[in-house]
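Trainee: The following block contains the structure, expressed as structure tokens.
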Amino acid sequence: MVRGKIALDAAERQELQRRMRATRIAVRDRQRAEIILLRSDGLTQGQIAAQLGVSRVTVNDWCQRFLAQRLAGLDDAPGRGRKPSLPPEAVRVVLEKAVTPPANLARWSCRTMAREAGISQASVQRLWAANAIKPHLSRTFKLSKDKHFETKFWDVIGLYLDPPEKALVLCCDEKSQCQALERTQPGLPLGVGHVRTRTHDYIRHGTLTLFAALNYLDGKLISRIAKRHRHQEWLAFLKTINREVPADLTLHLIADNYATHKHAKIKAWLAKHPRFHMHFTPMSSSWLNLVERFFRDLTDFITEKSFASLGELSDAIISFLAAHNANAKRYVWQAKGEDILRKITATREKLAMMQAAQSM
């Protein structure tokens, strides 16, 4: 029987305490860690057995194994437990082929992969879940090719992380092509036992452009609706901002590199109004502009409705904006710039490797 006190170094105690706190760990592993921790605190084997509801033999066995092998002794010996029921070749097919769908399929599904590997759909699902393989999901991305990406990136991020005093940071952009779509027939409303419906076809009644400036400090918007999307409309929007914002405040506008924003007449007007400072996002990096987050909410609102005219669409957008400003919620930038750049660098390297492999 083990009688001496178990002495733990700092790393071992930290690991055992981590196992005690972990939520996704086997009960037996947590119990073994607790046995060693209690023994290191000076409790006798009998006290540990009574506290954990196990036998003294169990406590003694794990103490002996820990003294002989340290942390490695708390793991089950290889070969223990139920033998795998799936053929190794089938498992290999399920895991390796998941990332390379055949020419006649857009992607593998549980059913098609089950037929390919000769096992059940449930087995395919369990294998994919255990290895974090998700063929049904995809994400869109676009890496900027702007030569001055990092300089522009930090310029915009700096406004979010350290807004200047006695100034407003306005995230500006246009949401063009807001379509007034009228469903050809009225849909059934949501009810008990059935989902709401809408027709798959619609009548087009034209488009509108929403110009919006999101105040980073309080989340409210300055907006203007126009039928076209030219430098004239952008200039009218800048004049709207100039009228609505107190004259003693400096304005920092974040916008993209759209040609409308850099028209000669726009530059001439900005030169006459020195309190306006333009900050342009890098090319293909509209995700840096927080007003895009508001546009997503507006898009969800518009696509759920039916509009018989441009006037109805305009009234709906105005009502949505009024409700937003009445209960404005600030969109706070929380991501660290260093972390974003690290991900972008890793993606660039991976794309370069893939392109090099394809060219060989």
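The values are calculated or read from the model by the stated rules, or taken from the named source; none is laboratory data. Only a predicted model underlies this, so the values are computations on that prediction, with no experimental measurement involved. Note that each Cβ is placed from the backbone with ideal geometry, even for glycine, and that neighbours are counted across all protein chains shown. SASA here: full protein model, heavy atoms, side chains in, ligands and nucleic acids out. Shrake-Rupley method; radii C 1.70, N 1.55, O 1.52, S 1.80 Å.
Trainee: Select, from Arg243, Arg224, Arg230, Arg198, the only residue that is of a type outside the set (A, V, I, L, M) and closer than 20 Å to Lys305 by Cβ.
Mentor: Only one candidate passes the filter, namely Arg198.
Trainee: Here is a further query. Pick from Gly42, Gly53, Gly46: which is on the phi > 0 side of the Ramachandran plot and either open to solvent by less than 60 Å² (accessible area, probe 1.4 Å) or charged (D, E, K, R) (or both)?
Mentor: Sole residue among the options that is on the phi > 0 side of the Ramachandran plot and either open to solvent by less than 60 Å² (accessible area, probe 1.4 Å) or charged (D, E, K, R) (or both): Gly42.
Trainee: With the requirement that a residue be open to solvent by 50 Å² or more (accessible area, probe 1.4 Å) and not in a helix (DSSP H, G or I), what does segment 90-107 give you?
Mentor: Within segment 90-107, Thr100, Pro101, Ala103, Asn104, Leu105, Ala106, Arg107 qualify.
Trainee: If only one of Leu217, Leu208 is modelled with pLDDT under 95 and more than 19 Å from His277 (Cα to Cα), which one is it?
Mentor: Leu208
Residue-wise test of (1) over 21 Å from Ala129 (Cα atoms); (2) open to solvent by 70 Å² or more (accessible area, probe 1.4 Å); (3) not aromatic (Phe, Trp, Tyr).
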position	(1), (2), (3)
Ala7	yes, yes, yes
Glu12	yes, no, yes
Asp76	yes, no, yes
Pro88	no, yes, yes
Ala117	no, no, yes
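Trainee: While we're on this one: Condition first: open to solvent by 30 Å² or more (accessible area, probe 1.4 Å), outside any loop (DSSP other than H, G, I, E, B) and among the small types (Gly, Ala, Ser). Now tell me which residues in segment 119-142 satisfy that.
Mentor: Of everything in segment 119-142, those that are open to solvent by 30 Å² or more (accessible area, probe 1.4 Å), outside any loop (DSSP other than H, G, I, E, B) and among the small types (Gly, Ala, Ser) turn out to be Ala122, Ala129, Ala130.
Trainee: Could you grab me the full set of residues in segment 156-185 that are under 27 Å from the mean Cα position of the chain (by Cα), among the polar types (S, T, N, Q) and open to solvent by 60 Å² or more (accessible area, probe 1.4 Å)?
Mentor: Within segment 156-185, Gln177 is the sole residue that qualifies.
Trainee: Just the residues that are of a type in the set (D, E, K, R) and over 30 Å from Thr240 (Cα atoms), please, taken from segment 180-222.
Mentor: Selection gives Glu182, Arg183, Arg196, Arg198, Asp201.
Trainee: Continuing with this model, one more query. Any residue in segment 325-352 that's closer than 25 Å to Asp155 by Cβ: show its pairings with residues that are of a type outside the set (A, V, I, L, M, F, W, C) and open to solvent by less than 50 Å² (accessible area, probe 1.4 Å) at Cβ separation under 7 Å, as long as the two are six or more apart or on different chains.
Mentor: Partner pairs satisfying both residue conditions: Arg330/Gly219; Tyr331/Gly219; Trp333/Tyr160.
Trainee: Now for a different question. What do you reckon, is Lys145 in contact (Cβ under 8 Å) with a residue 12 or more places away in the chain, loosely packed, with under 12 Cβ neighbours inside 10 Å and either of a type in the set (D, E, K, R) or not in a loop (DSSP other than H, G, I, E, B) (or both)?
Mentor: yes
Trainee: State yes or no: is Ala308 free of Cβ contacts under 8 Å to residues at least 60 places away in the same chain and open to solvent by 40 Å² or more (accessible area, probe 1.4 Å)?
Mentor: no
Trainee: Looking only at segment 84-106, decide whether some residue is modelled with pLDDT of 85 or more, under 24 Å from Trp287 (Cβ atoms) and among the hydroxyl-bearing types (Ser, Thr, Tyr).
Mentor: Looking through segment 84-106, none of the residues is modelled with pLDDT of 85 or more, under 24 Å from Trp287 (Cβ atoms) and among the hydroxyl-bearing types (Ser, Thr, Tyr).
Trainee: Which one of the conditions (1) closer than 25 Å to Pro164 by Cα; (2) at pLDDT below 90; (3) of a type in the set (S, T, N, Q); (4) open to solvent by 40 Å² or more (accessible area, probe 1.4 Å) does Ser284 fail to meet, given that it meets all the rest?
Mentor: Only one criterion in (1) closer than 25 Å to Pro164 by Cα; (2) at pLDDT below 90; (3) of a type in the set (S, T, N, Q); (4) open to solvent by 40 Å² or more (accessible area, probe 1.4 Å) is unmet by Ser284, namely (1).
Trainee: If Asp297 passes every condition in (1) closer than 30 Å to His148 by Cα; (2) under 17 Å from the mean Cα position of the chain (by Cα) but one, which one does it miss?
Mentor: So the condition that Asp297 fails would be (1).
Trainee: OK, next. Restricting the search to segment 39-51, which residues are under 18 Å from Leu8 (Cβ atoms), within 45 Å of the chain's Cα centre (by Cα) and either outside any helix (DSSP H, G or I) or not charged (D, E, K, R) (or both)?
Mentor: Correct list: Ser40, Asp41.
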